[in-house]
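Nothing in this text is a laboratory measurement; each read-out follows from the coordinates by a stated rule. Quick caveat, the model's predicted, so the values are computed rather than measured. Here the Cβ is made from the backbone with ideal geometry for all residues, glycine too, and neighbour counts use every protein chain on show.
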Amino acid sequence: MKTTFKILLFLLLTVLTQIGGLVLLLSLMLHRFIDKNVIVRWQQLLANVALFVILYLSATFTVVPPLAGMLGRVRLPITEHNHVKPATVVTCLLNRNYVRPQLREVVYNAAAALQQSDSTFVLCYLDACFPFGNGFPLFPHLSHNDGKKIDLVFVYRYATDNTLSNSSPSVIGYGVSEGPRQGEEDRAAFCKKCGYTQYGLLNQLVPQSNHSRYVFDEPLTALLVTQFVTDERIGKVFIEPHLKQRLGLQQYDKIRFQGCRSVRHDDHIHVQLK
């Protein structure tokens with residue numbers, strides 16, 4: 001590898017996974033042993049890539065969790081546990097599923113509460129935080145950098161049979177929104193008018209074809225948000241103003257507008273500790 005490419009790859013892996021850059025350095029240190037014993041160039045490349053993948057997965061699933069635990073972060077489940085699961089396994093592979101213990105407990109409690117309303121309910125989470133350090137940015141989020149924040153999927157039902165989907169209409173969990181209806185406040189249009197073009201950009205990039213297969217469950221989503229805003233450990237919840245009104249949650253001051261510098265929050269719920 002040329003030096004410039006190595007540096008760019010190190011930075012990219014660090015930004016996306018936090019630990020990927022360090023794993024890459026370890027992998028590069030071991031490349032010479034492979035190159036010495038493997039003569040064919042394409043076999044060298046394949047072996048080097050395989051080495052990185054093995055080291056990365058080993059670190060992600062066996063080394064990082066206990067180290068993060070010692071430093072005050074815990075991993076959210078990578079498969080369904082306590083009625084909670086990731087919306088996509090990519091979140092776990094990228095180490096974006098770590099929070100402080102108090103927040104994990106809040107999430108588990110909220111999921112258990114909704115199980116009382118529907119025994120088939122499973123809470124799907126999106127991006128949380130990285131396992132190590134306060135202030136390390138979780139791109140592209142503005143504030144997921146201290147273990148106190150997590151994004152969650154709305155509650156949806158399948159349009160065909162009205163059963164809970166326990167999934168997201170978006171392939172990445174973001175970018176498929178429950179937009180404002182006629183007469184409701186359209187903060188996305190307001191932010192765009194003010195020049196914040198990034199505010200609704202994701203909705204233009206993410207495929208919308210699955211949206212018609214899902215029905216937004218307003219009562220259960222309102223109940224889910226209520227579980228968080230009534231928990232004294234929670235400081236803020238972000239959803240779009242039109243959903244706050246539609247779901248009948250105007251009485252809760254903890255539900256805030258995140259500002260035009262962020263992105264739309266009518267495709268997920270943002271929850272954070274005090």
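If you average 1/r across every pair of different Cα atoms in the range 21-83 and take the reciprocal, what Kirkwood value do you get, in Å?
The answer is 13.7 Å.
Specify whether the C-alpha gyration tensor of the range 136-215 places it in the rounded, prolate or oblate class, a ≥ b ≥ c being the square roots of the eigenvalues: rounded for a/c under 1.5, otherwise prolate if a/b is larger than b/c and oblate if not.
Working: a/c = 2.05, a/b = 1.23, b/c = 1.66.
Because a/c hits 1.5 or more and a/b fails to exceed b/c, the range 136-215 counts as oblate.
Tally Lys/Arg at +1 and Asp/Glu at -1 over every other residue whose Cβ is under 13 Å from the Cβ of Phe257; what's the total? Don't skip to the answer; put the middle values down first.
Working: positive: Arg187, Lys236, Lys244, Lys254, Arg256, Arg261, Arg264; negative: Glu185, Asp186, Glu240, Asp253, Asp266.
Net of charged neighbours comes to +2.
Starting from the Cα-Cα distance between Lys2 and Val53, subtract it from 0.36 nm times their residue separation and give me the gain in nm to one decimal.
Details: separation 51, 0.36 × 51 = 18.36 nm, distance 1.99 nm.
Stretched out fully, the Lys2 to Val53 stretch lengthens by 16.4 nm.
In whole angstrom, and with the biggest value first, how far do the Cα coordinates of the range 1-149 range along each principal axis?
Principal-axis extents of the range 1-149 (Cα, largest first): 62, 31, 26 Å.
In square nanometres, what is the average projected area of the Cα convex hull of the range 74-124? Walk me through the intermediate numbers first.
On the way: hull surface 12.7 nm².
For the range 74-124, averaging the hull's shadow over all directions gives 3.2 nm².
Which net charge results for the neighbourhood of Pro137, defined as the other residues with beta-carbon distances under 13 angstrom from its beta-carbon, given Lys and Arg at +1 and Asp and Glu at -1?
Working: positive: Arg96, Lys149; negative: Asp127, Asp146.
Taking every Cβ under 13 Å from that of Pro137, the sum is 0.
Shape of the range 180-223 from its Cα gyration tensor (a ≥ b ≥ c, root eigenvalues): rounded if a/c is under 1.5, otherwise prolate when a/b > b/c, or oblate?
Working: a/c = 2.51, a/b = 1.38, b/c = 1.81.
Taking the square roots of the gyration eigenvalues as a ≥ b ≥ c, the range 180-223 is oblate.
From the square roots a ≥ b ≥ c of the eigenvalues of the alpha-carbon gyration tensor of the range 154-274, which class results: rounded (a/c under 1.5), prolate (a/b over b/c), or oblate? Provide the component values of the computation, followed by the final result.
Working: a/c = 1.63, a/b = 1.04, b/c = 1.57.
Since a/c reaches 1.5 but b/c is at least a/b, the shape of the range 154-274 is classed as oblate.
Please compare each pair in Lys193/Lys236; Lys6/Lys36; Lys148/Lys244; Lys192/Lys236; Lys6/Lys149; Lys6/Lys192 to a cut-off of 30 Å on the Cα-Cα distance and tell me which ones are over it.
Numbers: Lys193/Lys236 26 Å; Lys6/Lys36 20 Å; Lys148/Lys244 22 Å; Lys192/Lys236 24 Å; Lys6/Lys149 32 Å; Lys6/Lys192 38 Å.
As for pairs spanning more than 30 Å Cα to Cα, those are Lys6/Lys149; Lys6/Lys192.
Thr88: net charge of surrounding residues, Cβ under 11 Å, Lys/Arg +1, Asp/Glu -1, itself excluded? Intermediate results must be reported in sequence, preceding the final value.
Working: positive: Lys85, Arg96; negative: Asp127.
Neighbourhood net charge equals +1.
Sorted by packing (mean other beta-carbon atoms within 10 Å per residue), highest first, where do 258-265, 24-31, 40-47, 221-228 land? The partial results should precede the final answer.
Values: 258-265: 18.0, 24-31: 14.8, 40-47: 12.0, 221-228: 21.2.
Peptide ranking by packing, descending: 221-228, 258-265, 24-31, 40-47.
What Cys residues in the chain are without a partner cysteine, judged by a Cβ distance under 4.7 Å?
Cys92, Cys124, Cys129, Cys194, each lacking another Cys Cβ under 4.7 Å.
Which of the peptides 196-207, 164-175 is most tightly packed, and how do the rest follow, going by the mean number of other Cβ atoms within 10 Å of each residue? Walk me through the numbers on the way to the answer.
Details: 196-207: 15.3, 164-175: 20.4.
The densest-packed peptide leads the list: 164-175, 196-207.
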